[in-house]
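Throughout, read-outs are computed from the coordinates displayed, never taken from laboratory work. Quick caveat: nothing in here was measured; it's all calculated off a predicted structure. Please note: Cβ atoms are built from the backbone with ideal geometry, for glycine as well, and neighbour counts cover all protein chains shown.
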Amino acid sequence: MKLTINARNMSVTPGITQRIEKKTHTMSRYLLSDTEMQVRMRKEKNDDRVVEITVPMGNNVILRSEATDQNLFVAIDQALAKMERQIRKHRTKLSKRLREDAFTEMPEFFEEEPEEEERKVVRRKTFPVRPMSVEDAAIEMELLGHSFYAFVNIDTERTNVLYLRKDGNLGLLEPEA
């Protein structure tokens, strides 16, 4: 496995390099020897450390993980743990697809068993929706301390969703007709 480590607004010390190499060594058994793993680290303005890991797997499959923490080593560990789970999941899918009996005909009534437990709705909540401007919705969202807010836009008379983006700005989801 080929490992590339880049950093922005910070320096890569030998300790950081050793930590990444040690943690990625266990993943090399799942990957081909010519697989490239790119680790990008950067320091944000609020002193958070962001670690992004990208692994192109071929066949138009790119695995990517990202973690953010004040402590760089915690962010590295979290991002690598996410990447290891993704690699294992991808390899499991490949092995299931390439089993010997995968090429036999399957009956029409065959029902595929779910690989993972399906997500289900565990809580349902109703709330009043009233017409308001985007600015008012942003204030309401901030007052509630939520990362998103559903409201009826007073200008378009349609339901919109205002959400907080990772970069700290706001996003607005507007449905099309």
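Here are the numbers for this structure:
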| quantity | calculated |
| --- | --- |
| Euclidean distance between Cα centres, region 7-76 to region 130-177, Å | 34 |
| Once the Cα gyration tensor of region 113-177 is diagonalised, semi-axes √(5λ) in Å | 26, 15, 13 |
| Cα gyration tensor shape of region 1-74, rounded if a/c is under 1.5, else prolate or oblate by comparing a/b with b/c | prolate |
| Gyration tensor verdict on the chain (Cα atoms; rounded if a/c is under 1.5, prolate if a/b is larger than b/c, oblate otherwise) | oblate |
| Theoretical FRET efficiency, 1/(1+(r/R0)^6), r = Cβ-Cβ of residue 54 and residue 130, R0 41 Å, to 0.05 | 0.40 |
| Gain upon complete extension [residue 173, residue 10; 0.36 nm per residue less C-alpha separation] | 55.2 nm |
| The chain - mean residue ellipticity at 222 nm from DSSP helices (-39,500 (n - 2.57) per run, n ≥ 4, rounded to 500) | -9000 deg cm²/dmol |
| Relative packing of peptides 150-157, 56-63 - highest average C-beta neighbours within 10 Å first | 150-157, 56-63 |
